[in-house]
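A short write-up of the structure that comes next.
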Amino acid sequence: MELRQLTYFEAVARLGGFSRAAEHLLIAQPAVSAQIRNLERELGTTLFERTTRRVALTHAGELLLARARAVLAEVQGARADLDQLAGVLRGRLSIGATPVLGPLDLPAELAGFHR
């Protein structure tokens, strides 16, 4: 099972069709269909009831949808955490102070900055 398959599966379920999902994902509709077929084959169950007019989740599809959304949310959260971490300034800082500057409690100021 691949994240891409779960992404496509969730989009088809949310948007109600393979064509709409493909358009939303900016990929060709046959690619969405192929990935869903591969996912169904791997899981050994049908996830969508397909008619010429509509697509509906099977009971197995409903069960998978809840899990797929949780997995995709976790992945999105992990990406956000890593993006945030990448935005943190890191490096080495050297500070020098002389007593002539007046009454400055440098350790307390650095502790406040650290917090």
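General observations
- Contact map, the stretch 21-50: residues that are of a type in the set (Ser, Thr, Tyr) paired with residues that are part of a helix (DSSP H, G or I), Cβ distance under 7 Å, separation 6+ or inter-chain. Pairs shown: 33/18; 45/60; 46/40; 46/60.
- Within the stretch 53-69, the set of residues being hydrophobic (A, V, I, L, M, F, W, C), without any contact (Cβ under 8 Å) to a residue 24 or more places away in the chain and surrounded by 10 or more Cβ atoms within 10 Å (Cβ to Cβ) comprises 56, 60, 63.
Okay, residues lined up against (1) open to solvent by less than 60 Å² (accessible area, probe 1.4 Å); (2) at pLDDT 95 or above; (3) over 16 Å from residue 62 (Cα atoms):
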residue: 11; (1), (2), (3): yes, yes, no
residue: 16; (1), (2), (3): yes, no, no
residue: 23; (1), (2), (3): no, yes, yes
residue: 35; (1), (2), (3): yes, yes, yes
residue: 41; (1), (2), (3): no, yes, yes
residue: 45; (1), (2), (3): yes, yes, no
residue: 48; (1), (2), (3): yes, yes, no
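- The helices (runs of 4 or more DSSP H) found wholly in the stretch 1-78 and carrying at least 3 residues that are over 15 Å from the mean Cα position of the chain (by Cα) and of a type in the set (D, E, K, R) occupy 29-43.
- Those residues of the stretch 79-113 which are more than 30 Å from residue 1 (Cβ to Cβ), in a helix (DSSP H, G or I), of a type in the set (Gly, Ala, Ser) and modelled with pLDDT under 80, in sequence order: 87
The values are calculated or read from the model by the stated rules, or taken from the named source; none is laboratory data. Predicted model only: the values in this text are computed from it and were never measured. Neighbour counts run over all protein chains shown; Cβ positions are idealised from the backbone, glycine included. Note: accessible area is taken over every heavy atom of the protein model, side chains too, but ligands, DNA and RNA are not part of it. Shrake-Rupley method; radii C 1.70, N 1.55, O 1.52, S 1.80 Å.
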